[in-house]
Amino acid sequence: MSRGCGSLPRLFCFCAVAVVCSLTPSRACDVSVGVDRFYATPALDAQTRPWFGWQLSSDCTGVQSAYRIVVTAALTRELAWDSGTVASNASDNVACAVDLAPATAYDVRVTATFGAESYDSAAVPFATGADTSLLESATAMWHHNRSAMFVLFRRVVEVRADMPTFLAITAKPSPDRQQAHGVNASKLLSAYKLWINGEPVGTGPGRKIGGGIAVDTYNISALVPAEAATTAIVAVEASYIPLHDDFDDDDDDAGVLFAVLHNGNGSLYTSLSDDNSSSWQCFDAAAAFNPQLGPNGVGAGTRYYVQPLEFLDAATYPHRWRTTTTTSSATGTQWTAPLTLPISAFGQPLLPRHAPPVVLDSVAAMTITPLPSAEQASTSFRYVVDFGRNFQGHVNVSFAAPSEAGRVVTVRLGEQLNGDGSVRYNMLTGNVYEFNWTLANVSAGTLQTFVPHEYCVFRYAEVVNAPEEPSASRIGGWSVHYPLRVANSEVSTATTFDSSNETLNAVWNLAQYTLEATALDVNTDSNTRQRDVCTLDAALQTLYQGAAFPTTSFHHRRRVVQYMFEPLSYVNIWTEFLVAPVAALASFAYDYDTNEVLATVWQANQGSNITNNSDAAWTSGASPLVPQEFPFFSLGVRDRLRRVAAVVAAAYCCHCLDCPLT
């Protein structure tokens, strides 16, 4: 699984000619195991017949002659599967030969043999996804105010040393909107955002595939080890923006949250405590987020999508709600038990994602630069925060100074600075990133914290009319991105590049970061201007993500390819947009040709997305794809698709799809 220059796409190697390059660093000998081709993380959710892969360090000399995989139940230590010793040099996409129990925690160990020497991996934990019966037997919830667009949920969960606790969670995405390009897709990724004990964890569910809403799984016990704490505050921020531009909604088209705890043994979570703190509580935060569409009618969005401006109001926001269970807002709005809803309230089936959720991360400020304030008051401060590089997310700002009720702090975001050092918030993409946040009447030392819900794309943040001088400890940001880089892996999950040309090194680093920072649930045209899945852009992104992150991009690339074959997923009927899914499919099938993955995507669709856009099955929104399982591509089919991809890629490069290519 190690990769050298020869395994990069040809465009990368072509550019690297005449330089000295090295992509694989030397490491101590070890066997690092991944589940479903992804290095195991606390958030990983595997299917009942997962795939296993392992990466061998450079000190494991020679060729692997055999392997053995052993899977045991984490709680009972019972043997679930033993592959026995298999004479093979395979180290990738080895499928479990038995069905594992759903919603169950397991450990996997691999022994790799090199002649007379064998190397054992550490035990890697993973959990199988909750099956359909568990998902359908559980209930969903929302606030009793069914039209609430922002609802906060929290629950205290006991972290037990004798039994792990998993959270299966999703939320109803905002309604599909018909875009100017013809794309029918959910525009808001952050239907839910999750924190554990105040630490950001993940967000989802993203776009629907195969008509189903993805359910993410998190291992709370791994995120909060029992030796570190005995309880965990599970905090969920959920939103549902109705289809109507005036935010006029009804009970038949309102938000729904699904958040079910289970113990990793196929059963639902049980608490040792009898007090009410272990139950879910919710808070109607619509007044606190105060969403508005602004004079342009699209808020912070563009003509391609609507993103409400969040004019946060500190007087109605329950500060510190992610870390305490005793908070109420300044207006006295109380936390209450949520309204219980049937699963049918989602309107679509719930399906385990079988892949890591999109990560919610903290971002530190790099520099803070004061600017002259336009206000005459000595307690008015203005400054610009530089986060060092662009990212997708927003800011976290807290104020501890006393303030009078009604004071407005303006926050502006942008990717560039004006000549006077202020932030250019009227973006060239059409977005207007200007937010007005209202302070409450508080005494000194009382923190007022502003954390917007929906993400923007920016590098700089300008704060105007702040009640105190900037403090690095109270200014930061949060980002959303797919976890292509796994920091806690013993073996690097990202390709490294080094050459004698510093400019080329900088180009590589910028390109790799761009691929990483812009990956969400799928690849998109632009997360500022458009947020559509432009199949042409997505095909190129999937190709190069395979080079920059050869192991961890598997699930992401697979999902992108699936989505490109969904009904009406193309942005236009131009040839390059319709052929791009074939290029992405060919690239994926070629990279993972040992895997039974995208078996009949092409056959099942019979080219519908390319040659028959008026087909009733597509225009009605029905999909012939089975969301998770695909039969195997024959070598001949893969080879033909690869040739098609080469022609398409060549056409991209010469910008001439009409010129004769052979």
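Structure above, values below:
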| quantity | calculated |
| --- | --- |
| Gained length - Q292 relative to S473, 0.36 nm times residue gap less alpha-carbon distance | 62.2 nm |
| Placed amide H near F381: partners under 5 Å, 5+ positions off or other chain | N465, A466, E468 |
| Phi to ³J(HN,Hα) by Karplus 6.51 cos²θ - 1.76 cosθ + 1.60 over the range 92-102, Hz, x for Gly, Pro | 8, 6, 8, 7, 5, 8, 10, 7, 7, 5, x |
| Accessible area of the range 290-371 belonging to carbon and sulfur atoms, whole % at 1.4 Å probe | 56 percent |
| Zero-based 10 Å bins, Cα pair distances in the range 357-413, whole percents | 16, 45, 29, 9, 1 |
| Dipole magnitude of the range 40-152 about its Cα centre (Cβ charges: Lys, Arg +1; Asp, Glu -1), debye to nearest 20 | 240 debye |
| Estimated Rh, the range 406-491: Kirkwood, alpha-carbon pairs, angstrom | 15.4 Å |
| Probe 1.4 Å, protein heavy atoms only - accessible area per residue of the range 415-491 in square angstrom | 40 Å² |
| Carbon/sulfur fraction of accessible area - the range 423-505, other protein chains in place, 1.4 Å, % | 46 percent |
| Value of Rg to Rh for the range 328-452 (Rh from inverse mean 1/r over Cα pairs, i.e. Kirkwood) | 1.06 |
| Highest to lowest packing among 384-396, 505-517, scored as the average C-beta count within 10 Å | 384-396, 505-517 |
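The values are calculated or read from the model by the stated rules, or taken from the named source; none is laboratory data. All figures in this text were calculated on a predicted structure; none of them were measured in a lab. Because the Cβ atoms are built from the backbone with ideal geometry, glycine has one as well, and the counts that use them run over all protein chains shown. Ligands, DNA and RNA are stripped out before the accessible areas are found, and what is left, the full protein with its side chains, is counted by its heavy atoms. Shrake-Rupley method; radii C 1.70, N 1.55, O 1.52, S 1.80 Å.
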